[in-house]
Amino acid sequence: KKLYAVIGDPIAHSMSPAMHNDLFGFYDIDAHYHALHVRKGDLQKAIIGLKAIQISGFNVTVPHKVDILPMLDRLDPLAEAIGAVNTVVNEDGELVGYNTDGEGSVKGIMNIIPDLFNHRILIVGAGGAARAIYFTLASMGIKNIDVTNRTSEKAAELIAQCPYTVNSSVLLREDAENDLDEYDIIIQTTSIGMAPNVECQPLSLHNLKENSFVSDIIYNPLETLFLRSAKDKGARTQNGIDMFVLQGALAFKKWTGIFPDQKRMEKLVLNRLG
Ligand code: ATR
């Protein structure tokens, strides 16, 4: 039996084991996916152990996504640029790090808007998730991406560190709010609005353009106040389920060669969220 896992702290509530084990069963693959509790100071030891037992692949979650980089044998160039890894593949004994978070989010958005060129995109936030999404879009040659963040310096840093050329501005919150009608796609990447603080939102959507598209990486609640406000303004919206499912689907593809049934994964995740 092949072994797969997710390492993180906390890890008990991860939906990844249920999602991947269901897929292994569905595609008749002799493998099992485990949730492994690995504390911050134990990462190096855990990696050595996982390599020793010849794990076939694993996901990496909080708090290890950045710390793991120097511990891997090779890095995919995009993961290296992002500076974070969420998926590791054992390629002939070498542990290779990838980042499917950004690609998962972008793929989800492209399911709704297939052509991202010629659209103006605003990213809200400048943390790890924003970085993965911004760098992924930039790696695809998309150039109209602005960033707004509570701390402008962090947004400026994110843009400056991107190895791909993008025409980006950093917007203060009030400028983003005033000029919101200039954007076609808004991607919310902060934790604002996540349960239990469901009455918070990072930005007022008063000036949102009708027919715009608003994506939020949060999936608990399924509809954040941000998405509800966007819907009220006539926007199309997407919650974080797609990104979560697609980052998993992209990892599964790297491990097995099969791009799994997205609808099946979505159903399972929604069931578990109750
Ligand atoms: P992740 O890796 O999950 O993206 P992170 O790196 O901690 O998490 O980033 C969190 C993002 O949410 C940042 O953009 C952060 O803004 P700052 O850079 O100003 O810290 C944003 N954020 C978190 N709490 C916030 C709050 N109460 N108000 C505004 N922005 C907030």
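In table form, for the structure just shown:
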{"item": "Scan of region 205-225 for residues that are under 18 Å from the mean Cα position of the chain (by Cα) and without any contact (Cβ under 8 Å) to a residue 60 or more places away in the chain, ordered by number", "result": "Val214, Asp216, Ile218, Tyr219, Asn220, Pro221, Leu222, Glu223, Thr224"}
{"item": "Qualifying residue in region 30-41 (condition: at pLDDT 95 or above, crowded, with 18+ Cβ neighbours inside 10 Å and not assigned by TED's automatic domain parsing to the domain that holds Leu268)", "result": "no"}
{"item": "Qualifying positions in region 116-167 - at positive phi and either away from the ligand (no atom under 16 Å from the Cβ) or acidic (Asp, Glu) (or both)", "result": "Asn118, Gly141"}
{"item": "Pairs, first farther than 21 Å from Ser56 by Cβ and free of Cβ contacts under 8 Å to residues at least 40 places away in the same chain in region 245-274, second among the charged types (D, E, K, R) and assigned to a helix (DSSP H, G or I), C-beta under 9 Å, six or more apart", "result": "Gln262/Asp242; Glu266/Asp242"}
{"item": "Among (1) within 16 Å of the ligand (Cβ to nearest atom); (2) among the hydrophobic types (A, V, I, L, M, F, W, C); (3) closer than 30 Å to Asp184 by Cα, the one test that Leu69 misses", "result": "(3)"}
{"item": "Per-region count, region 90-125, residues over 18 Å from the mean Cα position of the chain (by Cα) and buried (at least 18 other Cβ atoms within 10 Å of the Cβ)", "result": "3"}
{"item": "Complete set of residues in region 244-274 that are crowded, with 17+ Cβ neighbours inside 10 Å and of a type in the set (Phe, Trp, Tyr)", "result": "Phe244, Phe252, Trp255"}
{"item": "Residue check, Leu205 touching a Leu at 6+ places or on another chain (Cβ under 9 Å) and within 16 Å of the ligand (Cβ to nearest atom)", "result": "yes"}
{"item": "All positions within region 44-66 that are within 16 Å of the ligand (Cβ to nearest atom) and free of Cβ contacts under 8 Å to residues at least 40 places away in the same chain", "result": "none"}
{"item": "Test set (1) more than 16 Å from the ligand (Cβ to nearest atom); (2) of a type in the set (S, T, N, Q); (3) exposed (fewer than 15 other Cβ atoms within 10 Å of the Cβ) - Thr237 fails condition number", "result": "(3)"}
{"item": "Pair list, Cβ under 6 Å, 6 or more apart: region 182-204 residue more than 27 Å from Met110 (Cβ to Cβ), other residue within 12 Å of the ligand (Cβ to nearest atom)", "result": "Cys200/Ile192; Cys200/Gly193"}
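The values are calculated or read from the model by the stated rules, or taken from the named source; none is laboratory data. All values reported here derive from a predicted model rather than from experimental measurement. So basically every Cβ, Gly included, is an ideal-geometry build from the backbone, and we count neighbours across all protein chains shown.
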